[in-house]
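What follows draws every value from the coordinates through simple rules; no lab data is involved. Bear in mind the structure is a predicted one, so any value in this text is a computation, not a measurement. Positions of Cβ are backbone-derived with ideal geometry, glycine not excepted, and every protein chain shown enters the neighbour counts.
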Amino acid sequence: MITAEQLKDIKDRADALRRYLQIDNKLIEVQEEELRTQAPGFWDDQKAAEEQMKKVKDLQKWIDGYNEVKAATDDTEVAFDFYKEEMSTEEEVDQYYATALQLIEDLELKNMLRGEADGMDAVLKINSGAGGTEAQDWASMLMRMYQRYAEAHKYKVNISNFIDGDEAGIKTVTMEIVGDQAYGFLKGESGVHRLVRVSPYNAQGKRMTSFASVFVTPLVDDSIEVVIDKSKISWDTFRSSGAGGQNVNKVETGVRLRYQYVDPDTGEEEEILIENTETRKQQENRENAMRLLRSQLYDRALKKKMAEQQKIEAGKKKIEWGSQIRSYVFDDRRVKDHRTNHQTSDVGGVMDGKLDGFIKAYLMEFSETEM
């Protein structure tokens, strides 16, 4: 049974959220923005109209989220008072409290995602490391893990490129994860993921270590301006294969984009390579590849900006993009994040997409460095 102090805590946190989220201002703002959608000729400019509707939807999302928190908190208080009068049970009060607490924590977490790109969809790319079949199998397990995570959070997943492993698993996959604040929640997954297990592909049954890298970038839309030097682009075509491409491998529908990127600060050159086999039409795959290129260039600019901020904010912890971030030790039943020290023994749950604990720990520790 919850205590009066616990009840006061969730009421105080709900009140704090109303202030932090500026709900009173948002209520006025959403009314003003909705009036603009009723103006004559509003839909004459389709793109501008869609942006306006998105603005209204984004404002309403925060209002609805707070209203859920307030209703759940009020329900808990009523149930608590009813318990005193023997009109509700301890179990009922605790259930109301658990619901309210979860809603509060979820909204507090979303409020931490205020970075420039946090509200965008995400592009998540997985590459198997050295180690042949074992590493390729590990990459496919990570792919499934993120698909399960997306499914649990009602995100849509599109596979834009997929290359099968030699005997099992995958060599690489690129997934577009579409949904509310997908990039904000998944950005901390970038880095090297390490697996330790008794390998089913080792005849001696030895314990083996495998690696796979995960890269997460924001998926930019047409409202984001990214400068691309078209003279530095070259194209190849190839026959698609693997997931999404089984029926299109008789013609060269797959595209390979090569972009000669020059760092504006150092002058160093680097080739960005993007493959796309998402559709059966080569032109659509070209357009998708260009969208992914824009996302990568935007992400580079964003991370450079973050790095500059981190230099200024001396004493704060840095985010080491690309470093080993997490170990999954199957026989010890342990998954540990090396940046936050958050860990769990629920290995099966993690591989089924239960990543919220790791994501929350990361955001709690590093969100301020990204503002």
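Given segment 81-129, report the % of alpha carbon pairs whose separation exceeds 14 Å. Counting every Cα pair in segment 81-129, those more than 14 Å apart make up 71 percent.
The alpha carbon convex hull volume per residue for the chain rounds to 198 Å³. Volume per residue of the convex hull around the Cα atoms, evaluated for segment 2-119, comes out as 115 Å³. Helices in the chain, meaning DSSP H runs of at least 4 residues, each add -39500 (n - 2.57). Divided by all residues, the mean residue ellipticity at 222 nm is -15000 deg cm²/dmol. For the peptides 11-17, 226-232, the ranking by packing is 11-17, 226-232, with the highest mean count of neighbouring Cβ atoms within 10 Å listed first. Per-peptide packing, taken as the mean over residues of other Cβ atoms within 10 Å, places 295-305, 176-186, 265-275 in the sequence 176-186, 295-305, 265-275 from highest down.
Please sort 132-138, 201-207, 55-61 by packing, taking for each peptide the average over its residues of neighbouring beta carbons within 10 angstrom, highest first.
The most tightly packed comes first, giving 132-138, 55-61, 201-207.
Rounded, prolate or oblate for segment 33-188? Axes are the square roots of the Cα gyration tensor eigenvalues, ordered a ≥ b ≥ c, and the cut-off for rounded is a/c under 1.5. Oblate, since a/c reaches 1.5 and b/c is not below a/b.
Reducing segment 263-281 and segment 163-209 to their Cα centroids gives an inter-centroid distance of 22 Å. Between the beta carbons of residue 36 and residue 71, assuming R0 = 25 Å, the FRET efficiency works out to 0.30 to the nearest 0.05. Of the cross-linked pairs 171/336; 156/305; 57/84; 303/354; 26/156, those separated by over 31 Å at the C-alpha level are 57/84.
The local environment of residue 331, defined by Cβ-Cβ distances under 13 Å, has a net charge of +4 under the rule Lys, Arg +1 and Asp, Glu -1.
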